[in-house]
Amino acid sequence: MGRTPWFGPKRVGWGLRPQTWQGRVLTAALAAALLVVAAVVH
């Protein structure tokens, strides 16, 4: 239907960037999980 994708192409460079609040929340959650894992391993 009229669903906006969470991620879309960047204007410059390769990869995707968040386009909606859901994409931003997912990106923040993954970054936080990575920091927690790095802190536990270190």
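Please treat every number below as a calculation from the coordinates, not as lab data. Remember, predicted model here, so these are calculated numbers, not experimental data. Glycine gets a Cβ as well: all are built from the backbone with ideal geometry, and neighbour counts include every protein chain shown.
Taking only segment 1-22 into account, find how many residues are surrounded by fewer than 10 Cβ atoms within 10 Å (Cβ to Cβ) and hydrophobic (A, V, I, L, M, F, W, C).
Count: 4.
Cβ contacts < 6 Å: first residue under 17 Å from L26 (Cα atoms), restricted to segment 1-14; second residue part of a loop (DSSP other than H, G, I, E, B) and β-branched (V, I, T), any location; separation 6+ or different chain. Result?
Close Cβ pairs satisfying both conditions: T4/T20; W6/T20.
Determine, yes or no, whether V40 is surrounded by fewer than 11 Cβ atoms within 10 Å (Cβ to Cβ) and either assigned to a loop (DSSP other than H, G, I, E, B) or among the small types (G, A, S) (or both).
Answer is no for this residue.
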